[in-house]
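The values are calculated or read from the model by the stated rules, or taken from the named source; none is laboratory data. From a predicted model like this one, the values you see are computed outputs, not experimental measurements. Here the Cβ positions follow ideal geometry from the backbone for every residue, glycine too, while neighbour counts run over all protein chains shown. Side chains are part of the model used for accessible areas, which takes the heavy atoms of the whole protein and leaves out ligands, DNA and RNA. Shrake-Rupley method; radii C 1.70, N 1.55, O 1.52, S 1.80 Å.
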Amino acid sequence: MKTVNHWIGGKTVEGASGNYGPVTDPATGVVTTRVALASVDEVDAAVQAAKDAFRTWGQSSLAARTKVLFAYRALLDANRDAIAELIVAEHGKVHSDALGEVARGLEIVELACGITTQLKGELSTSVSNRVDVAAIRQPLGVVAGITPFNFPAMVPMWMFPLAIACGNTFVLKPSEKDPSAANKLAELASQAGLPDGVLNVLHGDKVAVDALLAHPDVAAVSFVGSTPIARYIHTTASANGKRVQALGGAKNHMLVLPDADLDAAADAAVSAAYGSAGERCMAISAVVAVGAVGDALVEKIRERAEKIKIGPGNDPTSEMGPLITKVHRDKVASYVHGAAEQGADVVLDGTGYTVDGFEDGHWIGLSLLDNVKTDSDAYRDEIFGPVLCVLRAETYEEAVALINDSPFGNGTAIFTRDGGAARRFQLEVQAGMVGVNVPIPVPVGYHSFGGWKDSLFGDHHIYGPDGIHFYTRGKVVTTRWPDPSEPHSGVDLGFPRNH
């Protein structure tokens, strides 16, 4: 059986803990790989490799860093299919989805290639007599990233390219459910000329996570995952004096007004709810239909959802793949099973779905729940699967109040032809990312990604300007050089003069 080991100090390092986790092909249910789970000592070895590398990488020129990043971008581009195949084999998403994930990660690598303009700093001359003030940004040191299973290539690339471009070194702890893509990313970085120890990949479970959160040589931690774990990461790492950005879960709403193009709204709802099998934090999981539009909208969504082809990710005709694990599949199904008991109308029940020839895979069909109540489990919890809830509201004001009452505030969208309503919505809704006739408003790489409320813990969003600020710290330097023609003026014990 194949073993996925750690990548430390520029080379593969076999696991020494004796502990391994299973990696399953979600389409077949067969364990195809085992992944080494790091001990505390192995965490320390990875951090030490990063610490040693920082001594030179942190002092390297911007030209040297961007040279590596440009080469890395070219290698990633040439290996898109190879990375996507690893994602399909271990995560289960269809190949086109996996390719899209790699493409979105590449956006951040491209941003990192242009880091020179982002780290220019500021200078004010002659703020006083021969006094200048400069503001510069410097790297933090060793930083860590803890990433989820749903985007095993994209989310790591949201973190480490910017971190290393800023002069930091990085320890990545990817999900143990689909670990191979992370190793491939590190190997390609080494081929691009990244010095040994600048990027390390450490596989593990809670033991490894807790060791990173407590390690005195880790300056900052980036995390993407569920809200309970994000809260734990933020609390624990902050208590250990670390800078933290922890992105949590979501319950993203799509508000549909009566004037909306219902065909466009239905297309968007199906794509946003069921794409990537609903296993994404930006999935639309709740549609709020205003007024009499609800019945027609639900019918249009049902018609489209019934046509989605589900199958193995490596089948080019498949539009949706399986869920990551059997346990997760069963949990998602439980929400559908309980929906009717809690007052919802089950328009589509996908819980009994199987694929011929792949009966042991982690399959689930598309589920559509109408007239969902806000106190039901299907609405309150982040299901993280292909389940779409439809709620009804009589007015725009009622719909916005419903959305704002949610403890989550990741992303949201409005579908309307009314510019005034859209403008009002984007100002009134309590969420970090808003789409107007755009169902999944993930910002482009040069803007930052992040939510509000229980969807984000910490002060910085990920990638974009916030990401660069997170991976650097500011320093202000005030200088005064005496004019060589002036005699020494003696000691002045008064308060420093700025004027």
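Restricting the range 106-138 to residues that are in a loop (DSSP other than H, G, I, E, B) and among the charged types (D, E, K, R) leaves a set whose member that is nearest to residue 465 (Cα to Cα) is 120. In the range 295-306, the residues that are touching a residue at least 12 places away in the same chain (Cβ under 8 Å) and assigned to a helix (DSSP H, G or I) form Cβ pairs under 8 Å with partners that are of a type outside the set (A, V, I, L, M) and surrounded by 18 or more Cβ atoms within 10 Å (Cβ to Cβ), at six or more places apart or across chains, as follows: 298/370; 305/274.
Look through 333, 340 and report the one residue that is at pLDDT below 95 and either part of a loop (DSSP other than H, G, I, E, B) or not polar (S, T, N, Q) (or both). Spell out the reasoning first.
Numbers: 333 fails: at pLDDT below 95.
On inspection, the qualifying residue turns out to be 340.
Listed here are the residues, each with its yes/no results for (1) assigned to a helix (DSSP H, G or I); (2) at pLDDT below 95; (3) open to solvent by less than 10 Å² (accessible area, probe 1.4 Å).
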position: 34; (1), (2), (3): no, no, no
position: 46; (1), (2), (3): yes, no, yes
position: 50; (1), (2), (3): yes, no, yes
position: 54; (1), (2), (3): yes, no, no
position: 59; (1), (2), (3): no, no, no
position: 67; (1), (2), (3): yes, no, no
position: 70; (1), (2), (3): yes, no, no
position: 75; (1), (2), (3): yes, no, no
position: 84; (1), (2), (3): yes, no, yes
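Of the residues making up the range 407-429, those that are in a loop (DSSP other than H, G, I, E, B) and surrounded by fewer than 16 Cβ atoms within 10 Å (Cβ to Cβ) are 407, 417, 418. Taken over the range 9-24, the criterion of being open to solvent by 40 Å² or more (accessible area, probe 1.4 Å) and not small (Gly, Ala, Ser) is satisfied by 11, 12, 13, 14, 19, 20, 22. Only one entry of 359, 398 meets the criterion of being part of a helix (DSSP H, G or I), surrounded by fewer than 24 Cβ atoms within 10 Å (Cβ to Cβ) and acidic (Asp, Glu), and that entry is 398.
Run down 468, 440, 462 and say which single residue is touching a residue at least 40 places away in the same chain (Cβ under 8 Å) and more than 24 Å from residue 273 (Cα to Cα). Working first, answer last.
Values: 440 fails: more than 24 Å from residue 273 (Cα to Cα); 462 fails: more than 24 Å from residue 273 (Cα to Cα).
After ruling out the rest, the residue left standing is 468.
Here residue 154 fulfils each of the conditions (1) touching a Gly at 6+ places or on another chain (Cβ under 6 Å); (2) touching a residue at least 60 places away in the same chain (Cβ under 8 Å); (3) crowded, with 18+ Cβ neighbours inside 10 Å; (4) not polar (S, T, N, Q) apart from (2).
Would you please name the residue that is nearest to residue 223 (Cα to Cα), looking only at residues in the range 182-201 that are charged (D, E, K, R) and part of a helix (DSSP H, G or I)? Steps first, please.
Filtering the range 182-201 down to residues charged (D, E, K, R) leaves 184, 187, 196.
Subset that is part of a helix (DSSP H, G or I): 184, 187.
Working: 184: 20, 187: 22 Å.
The qualifying residue nearest to residue 223 (Cα to Cα) is 184.
Within the range 434-463, the set of residues being open to solvent by less than 10 Å² (accessible area, probe 1.4 Å) and either charged (D, E, K, R) or under 22 Å from residue 157 (Cβ atoms) (or both) comprises 445, 449, 450, 451, 455, 462, 463. Whenever a residue of the range 340-351 is over 13 Å from residue 389 (Cβ atoms) and in contact (Cβ under 8 Å) with a residue 24 or more places away in the chain, its partners that are open to solvent by less than 70 Å² (accessible area, probe 1.4 Å) and in a strand (DSSP E or B), lying with C-beta atoms within less than 9 angstrom and at least six residues away or across chains, give the pairs 350/310; 350/367; 350/368; 350/387. When only residues in the range 120-155 that are modelled with pLDDT under 95 and within 34 Å of the chain's Cα centre (by Cα) count, which is farthest from residue 477 (Cα to Cα)? For the range 120-155, the residue satisfying everything is 120.
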